[in-house]
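Report on the following structure.
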Amino acid sequence: MKMLNVLLFILLVVPMPLLNGLFWSAKDKSSSRSHHLLSALFYGMFLEFALFEILAIPMVFFKCSLLQLSVTWLALSLVLAVFSFCKSLHPALRKTGTSAADETSTEAVDSDGIRTRKWFSPLLPVVLLCILLQFFYVTFNQHIDEDDAFYVATATTAVETNTLMEYDPYTGDLYSEPPARYVLSAWPLYLAVLSTLSGGIHPTILAHLLIPGFVLLFAYCIYALIAKSLFPDDCSKQHLFLLLISLLLSFSGFSVYSSGTFLFVRAWQGKALVASITQPTLFYLCRCAMKEDNGTIFWFYLFCAVTASCMFSSMGVILATVPIGIYTLIYAVPQRKWRYFYRSAFSCLYAVFCGIAYLILS
């Protein structure tokens, strides 16, 4: 594995999603300047996940090649990135004439009259140190899991044969019929596409060395947005929230099914992403969409999050729709906002499609 390959991987999972999310982050009225890049990465990543799943599943059934999927997804992602970047430039240029009061709005005055940045608190270096230690832990320690015999092997088989789920990774034989339990979740193919586009990093190395660190950082990106939503004007409470999350995850080894275990030990597996990425995302988006009664951006991204959950694992079909149904009941019934029901139904459309397709295939 060469540094050029690693650089290509980083370009695929950070700058490209970041550019894709700039337009949507600008649309998010609740996004502050200090969290603009975090929300851009968040929106861009889930947009790319949803796009990949919607592209991959039809191409699997039409027996397209891995190269065709890779080129199509990359081309569409780049087009969306250019569009997002260009659209985000226009509002930015209009804001160049903002007043000095607007420019200093990101600052706060403490009890002694000293102006301080809202995004900084003494807890921030501690939080960053904890995240950094966890990043090194998941990157330079390896866990061998029996599930790799299917998931990582599926990605490796796709790379070696330039096909999409046509071969059984256990035996190497052609599938007589698509595996209903796995064929609707394209996460192994996503690993194969990253392997192809990064210049040939082996899917096993990608899964065990590079993906865990990225997933960990992306999870904390989501938790940071949750903290901003819960404590919009208090950075000390935001950082305390992140520190508590870090401690809870670090000491969650009491079960092999806890979110911390999935995040630290099995982060390259789709089921781990459902637990560590999708569930906090659904909480964040449902809260923003329903509690604050915000615009369509959050409902659209609920659809993207549900689609991404289906991409990660077949369990994500149920584990995404059930929380949305519960959140809808909690927010819609007391406030008598019945429109939340059909908006939630829209966000779950892809999960419904996957459920029906699974019944037909099985």
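Here are the numbers for this structure:
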quantity	calculated
Criterion (at pLDDT 90 or above, touching a His at 6+ places or on another chain (Cβ under 9 Å) and open to solvent by less than 10 Å² (accessible area, probe 1.4 Å)) met by exactly one of ALA227, ALA192	ALA227
Residue list for the stretch 118-144, filter: within 24 Å of the chain's Cα centre (by Cα), of a type in the set (A, V, I, L, M), over 20 Å from PRO232 (Cβ atoms) and assigned to a helix (DSSP H, G or I)	LEU128, LEU129, ILE131, LEU132, LEU133, VAL138
Whichever residue in the stretch 173-205 is part of a helix (DSSP H, G or I) and without any contact (Cβ under 8 Å) to a residue 60 or more places away in the chain and, among such residues, is nearest to GLN68 (Cα to Cα)	SER195
One residue from TYR358, TYR350 being modelled with pLDDT of 90 or more, touching a Phe, Trp or Tyr at 6+ places or on another chain (Cβ under 9 Å) and part of a helix (DSSP H, G or I)	TYR350
Some residue of the stretch 265-275 being touching a His at 6+ places or on another chain (Cβ under 6 Å), touching a residue at least 24 places away in the same chain (Cβ under 8 Å) and open to solvent by 20 Å² or more (accessible area, probe 1.4 Å)	yes
Test result for GLU166, farther than 23 Å from ALA267 by Cα, open to solvent by 20 Å² or more (accessible area, probe 1.4 Å), in contact with a helix residue (DSSP H, G or I) (Cβ under 8 Å, 6 or more places away or on another chain) and not small (Gly, Ala, Ser)	no
Flag if ALA75 is assigned to a helix (DSSP H, G or I) and surrounded by 15 or more Cβ atoms within 10 Å (Cβ to Cβ)	no
Single unsatisfied condition, LEU217 versus (1) surrounded by 21 or more Cβ atoms within 10 Å (Cβ to Cβ); (2) in a helix (DSSP H, G or I)	(1)
Residue within the stretch 278-288 that is in contact with a His (Cβ under 8 Å, 6 or more places away or on another chain) and surrounded by fewer than 23 Cβ atoms within 10 Å (Cβ to Cβ) present	no
Residue pairs meeting the criteria (Cβ under 9 Å; at least 6 apart or on separate chains; first over 12 Å from SER30 (Cα atoms), in the stretch 226-253; second among the small types (Gly, Ala, Ser) and open to solvent by 20 Å² or more (accessible area, probe 1.4 Å))	CYS235/SER34; CYS235/ALA108; LEU248/SER259; LEU249/SER259; SER252/SER259
The lone exception for GLU48 - which of (1) crowded, with 20+ Cβ neighbours inside 10 Å; (2) at pLDDT 90 or above; (3) in a loop (DSSP other than H, G, I, E, B) it fails	(3)
Filter result (part of a helix (DSSP H, G or I) and either of a type in the set (Lys, Arg) or over 14 Å from the mean Cα position of the chain (by Cα) (or both)) within the stretch 16-45	LEU19, LEU22, PHE23, TRP24, SER25, ALA26, LYS27, ARG33, SER34, HIS35, HIS36, LEU37
The stretch 195-214, subset open to solvent by less than 10 Å² (accessible area, probe 1.4 Å) and among the β-branched types (Val, Ile, Thr), residue nearest to THR278 (Cα to Cα)	ILE211
Matching entry among LEU67, LEU89, LEU80, LEU4 (being hydrophobic (A, V, I, L, M, F, W, C), under 20 Å from the mean Cα position of the chain (by Cα) and part of a helix (DSSP H, G or I))	LEU80
In the stretch 308-344, residue most open to solvent (accessible area, probe 1.4 Å) [restricted to those that are polar (S, T, N, Q) and farther than 15 Å from PRO280 by Cα]	GLN335
In the stretch 302-317, the residues that are modelled with pLDDT under 95 and farther than 12 Å from LEU349 by Cα	SER313, SER314, MET315, GLY316
Search result, residues across the stretch 144-163 that are surrounded by 17 or more Cβ atoms within 10 Å (Cβ to Cβ) and of a type in the set (Asp, Glu)	ASP148
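The values are calculated or read from the model by the stated rules, or taken from the named source; none is laboratory data. Everything quoted here is computed from the prediction, not taken from an experiment. So basically every Cβ, Gly included, is an ideal-geometry build from the backbone, and we count neighbours across all protein chains shown. Surface areas here come from the heavy atoms of the whole protein model, side chains and all, with no ligands, DNA or RNA. Shrake-Rupley method; radii C 1.70, N 1.55, O 1.52, S 1.80 Å.
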